[in-house]
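Written below as structure tokens is the structure these notes are about.
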Amino acid sequence: MLTKEELLKCFQTEITAISEAEIAAAQREVQEIQDRAQQEIHENAQAAAQLWLEQETEDLQASHAVAMSHLNDENHKRLMAERAVMVEALFDEAKQQLLQFHREPQYQELLRKKLTAYAQSEEAMILQLGNTDKALMKELSAILKNAQVELATDIHLGGFRLILKQQNKLIDETLDSALSEARKAFLKHSALTIN
């Protein structure tokens, strides 16, 4: 039989072994809880960082899209202004050439030829000429038998308008109108672009 001291020592050894096992188990459990908590904190931080990164990326993309839109608008305005200047210069040159043509003998010949096409008509007409063709009024009215001749202040480049009263028809052979129509056609079909 064991003595009291041996029995006490046995109990103490057993208690110490059980206590150490429970302490070790408790320490492992605490370590596992700490590891899980750290993992959870790490995952939450990573998810928050990913969400922030996605939000920032979306914001930057939206800002970039707005900036590009403004830049494209500004470029378009600048290009349209440059195009308008080029078209204006082109048609100013054309206008100068028409004014020069107006001084040439071929201009008067062209008027005579065009009016001769209407010379056979018995219908009452009004022939409108610009102030620059005032000297030709008598000669041109002689081509048309039934024409009343008048000056029109809106004919600047030359040519004529013929109003056929019975048909209620206007024949516009003015260089002003031809230039205006040429401009419209040019703007519609030229596909003028600036690089």
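The values are calculated or read from the model by the stated rules, or taken from the named source; none is laboratory data. Please read these numbers as outputs of a predicted model, since none were measured by experiment. In this analysis, Cβ positions are derived from the backbone assuming ideal geometry, glycine residues included, and neighbour counts consider all displayed protein chains. Calculation scope for accessible area: heavy atoms of the full protein, side chains included, ligands and nucleic acids excluded. Shrake-Rupley method; radii C 1.70, N 1.55, O 1.52, S 1.80 Å.
Scanning the range 139-162 for residues that are buried (at least 16 other Cβ atoms within 10 Å of the Cβ) and modelled with pLDDT of 90 or more yields a count of 10. Of all residues in the range 109-146, those satisfying the criterion of being in contact with a His (Cβ under 9 Å, 6 or more places away or on another chain) and in a helix (DSSP H, G or I) are Asn131, Thr132, Asp133. Inclusion of Ala182 among residues that are at pLDDT below 85, surrounded by fewer than 17 Cβ atoms within 10 Å (Cβ to Cβ) and over 30 Å from Asn72 (Cβ atoms) is not warranted.
Consider the range 163-177. How many of its residues are assigned to a strand (DSSP E or B) and open to solvent by less than 40 Å² (accessible area, probe 1.4 Å)? Total satisfying the criteria: 3.
Inclusion of Leu99 among residues that are more than 44 Å from the chain's Cα centre (by Cα), open to solvent by less than 80 Å² (accessible area, probe 1.4 Å), within 30 Å of Asp172 (Cα to Cα) and modelled with pLDDT of 85 or more is not warranted. The residues listed here are Glu104, Glu58, Glu109, Glu122; of these, the one that is open to solvent by 70 Å² or more (accessible area, probe 1.4 Å), acidic (Asp, Glu), more than 29 Å from the chain's Cα centre (by Cα) and at pLDDT 85 or above is Glu109. Residue under question is Thr132, and the condition is that it be open to solvent by 60 Å² or more (accessible area, probe 1.4 Å), over 22 Å from Glu181 (Cα atoms) and of a type in the set (Ser, Thr, Tyr); does it hold? So Thr132 does not fit the description; no. Restricting to the range 13-49, count the residues that are within 60 Å of the chain's Cα centre (by Cα) and open to solvent by less than 90 Å² (accessible area, probe 1.4 Å). Qualifying residue count for the region: 6. Annotation: Lys77 fulfils all but one of (1) within 41 Å of the chain's Cα centre (by Cα); (2) basic (Lys, Arg); (3) surrounded by 14 or more Cβ atoms within 10 Å (Cβ to Cβ); the unmet one is (3).
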